[in-house]
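As C-alpha cells, the structure follows; a few thoughts come after it.
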Amino acid sequence: MAVAVPLFNLAPDLKVSRLCLGTMTFGEQNSLHQSFRLLDDALEAGINFFDTAEMYPVPQRAETQGRSEEYLGRWIKARNIPRDRVVLATKVTGPSGQMTWIRGGPKCLDAKNILEAIDHSLMRMRTDYIDLQQIHWPDRYVPMFGETEYDPSQQLTAVPMEEQLDAFGRAFDAGKIRYVGLSNETPYGVMKFLQLAKDIGHYRNIVSVQNSYSLLCRNFNCGLAECCHHESISLLAYSPLAMGILSGKYFLRGGGPPDARMNLFKGRYSEGESRYNLSNATVKSAAKAYLEIAEKYGIHPVSLAIAFVLKHPLVASAVFGATKPWQLREVVNACEVNLTEDILTEIDQVHAMYPNPCP
C-alpha cells in the first residue's frame, strides 16, 4: 500500500498508528488464513496498533471465545515479528449474565477476574506483556450500547474502582501490562478512575478511553471530550463506520452483500442490530446524506467517515474492522483525505438535522 499511516504518541514511550485494526471478526467471519492476510497488509501499511478482547470474536459464542487473541498471537509468532514493533490492546469482559463461559458470567469485575483475564490473554496472544489493558465496559450500571437515559434505580452494587485499580497496579508491577485504558465510559467514570489512580500512584498509567465516535455518533463531545482534554486522555474511536453503515453497502440492491455483518448475523447480534438499526428512518436518512456528501466531492464514503474521525483533535486512533483486503485499503486511504471547510460545513449541516442517531 502506497499510503503510510502516521503515528500518535499515546504515551511518552508508546507510539500507536492513527489507525487501529480491530480483530473482533477473527475466528468467526475471518479464518486464520484470512486474518493473517489482513494483519500482513495492515502492518505493511504502517499500522502497528491491534485491538482485541478476551470475549472476541462476535457474535460471541463459547466455541469461539478467545480466538481473536489467539489468531493475533499466532500471527506474531508465525511472522517472527519483534514484539516491540506492534502495540497490543485487549479488554477484560465486564459483568455479563449471558457469557457464562467466561469465568461463570463474569458476575463482577473484581481483582480476581481482572488478573485471571490478563493471564489468559497473555497465554492466548503468546506474549509476556500487554501494551494496553482495557476494561471492556464498566462494572457499575451505566447506560451504554445505544442506551442514553440514566436510571438511578438500576444501580445496585459494583466492585469498588479502588480494587480494580489495585489489580491493574499488581499486573503493572509484575510487568504484565504497560498501560490501562477504559472503554464505554462516562465523564464521571473517567474522572473518578483518574482521581483514585492519583491516590495510589498509577495516575499516568491510564491513557485512553475507547468509546464509539463516528458521523452518526458524536456523543463523545457531550462532556467526555472536556474531561479527556484537561486530563490528557486520548480517545480510541471505535465503530467509526457505524457497523459498516457509512460504507454505503447496506443501501445496495438487495440490502447489501449477504456476507456483510448485519446480514450474515441477522437476529444473532442484538447489540449491533439495536444500535445500528437501518429500519430507523433517522439512521437511514442521516447515513444517506453523508453518502451524498462523499459522492459530491469524489471521496470514497469509507475514507470520508474515517477522515472525519481522525480530524478530531482528541482522537489518537480510529479502531476499525475489515474482513477483506480492499476494505482495509479504503480505510488506509483516509489518511490522505483532506476535509475542506466546505465539506465540514455540509457534514455539520447533516449532523444538525440528524444528531447522533446511533448513540
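The values are calculated or read from the model by the stated rules, or taken from the named source; none is laboratory data. Since the structure is predicted, the reported quantities are computational estimates derived from the model, not experimental observations. All Cβ positions, even for glycine, are placed from backbone atoms using ideal geometry, and neighbour counts span all protein chains on display. Calculation scope for accessible area: heavy atoms of the full protein, side chains included, ligands and nucleic acids excluded. Shrake-Rupley method; radii C 1.70, N 1.55, O 1.52, S 1.80 Å.
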Q. Which of (1) in a loop (DSSP other than H, G, I, E, B); (2) farther than 19 Å from K311 by Cα does N263 not meet, given it meets every other one?
A. (1)
(Q) Taking the conditions exactly as written (open to solvent by less than 40 Å² (accessible area, probe 1.4 Å) and either in a loop (DSSP other than H, G, I, E, B) or farther than 25 Å from Y269 by Cβ (or both)), does G181 satisfy them or not? (A) no
Q) What residue, among those in segment 325-336 that are touching a residue at least 12 places away in the same chain (Cβ under 8 Å) and open to solvent by 10 Å² or more (accessible area, probe 1.4 Å), is farthest from the chain's Cα centre (by Cα)? A) E336
Q | When residues of segment 192-220 are limited to those that are in contact with a strand residue (DSSP E or B) (Cβ under 6 Å, 6 or more places away or on another chain) and farther than 28 Å from G146 by Cβ, the one most open to solvent (accessible area, probe 1.4 Å) | A | N205
Q: Any chance you could count how many residues in segment 27-50 are closer than 23 Å to S214 by Cα and assigned to a strand (DSSP E or B)?
A: 2
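Conditions (1) farther than 30 Å from Y354 by Cβ; (2) open to solvent by 40 Å² or more (accessible area, probe 1.4 Å); (3) of a type in the set (F, W, Y); (4) out of contact with any Phe, Trp or Tyr (no Cβ under 7 Å at 6 or more places or on another chain), marked per residue:
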residue	(1), (2), (3), (4)
D110	yes, no, no, yes
A117	yes, no, no, yes
Y129	yes, yes, yes, yes
L132	yes, no, no, no
D139	yes, no, no, yes
D166	yes, yes, no, yes
R170	yes, yes, no, yes
D173	yes, yes, no, yes
V190	no, no, no, yes
Q) Which ones in segment 90-108 are free of Cβ contacts under 8 Å to residues at least 12 places away in the same chain and open to solvent by less than 10 Å² (accessible area, probe 1.4 Å)? A) G105
Q: Spot the failing condition for D84; the list is (1) among the charged types (D, E, K, R); (2) closer than 18 Å to S121 by Cα; (3) surrounded by 20 or more Cβ atoms within 10 Å (Cβ to Cβ), and only one is missed.
A: (3)
Q. Do we find that S274 is hydroxyl-bearing (S, T, Y) and touching a Gly at 6+ places or on another chain (Cβ under 6 Å) in this structure?
A. yes
Q) So which of A242, A225, A294 is under 19 Å from the mean Cα position of the chain (by Cα), within 18 Å of V337 (Cβ to Cβ) and crowded, with 18+ Cβ neighbours inside 10 Å? A) A242
Q: Taking S279 as the residue in question, decide whether it is assigned to a helix (DSSP H, G or I), open to solvent by 50 Å² or more (accessible area, probe 1.4 Å) and either out of contact with any helix residue (DSSP H, G or I) (no Cβ under 9 Å at 6 or more places or on another chain) or modelled with pLDDT under 95 (or both).
A: no
Q. What are the residue pairs meeting all of these: first residue in segment 337-358, first residue outside any loop (DSSP other than H, G, I, E, B), second residue of a type in the set (S, T, Y) and open to solvent by 30 Å² or more (accessible area, probe 1.4 Å), Cβ atoms under 6 Å, and 6 or more apart or on different chains?
A. I343/Y297
Q.
I'm told L19 meets every condition in (1) in contact with a helix residue (DSSP H, G or I) (Cβ under 9 Å, 6 or more places away or on another chain); (2) open to solvent by 10 Å² or more (accessible area, probe 1.4 Å) except one. Can you identify the failing condition by its number?
A. (2)
Q. Just one of the numbered conditions (1) under 30 Å from S274 (Cα atoms); (2) in contact (Cβ under 8 Å) with a residue 24 or more places away in the chain; (3) among the charged types (D, E, K, R) is not true of R170; which one?
A. (1)
Q. Residues P257, P240: which one is at pLDDT below 95 and either of a type in the set (A, V, I, L, M) or not in a helix (DSSP H, G or I) (or both)?
A. P257
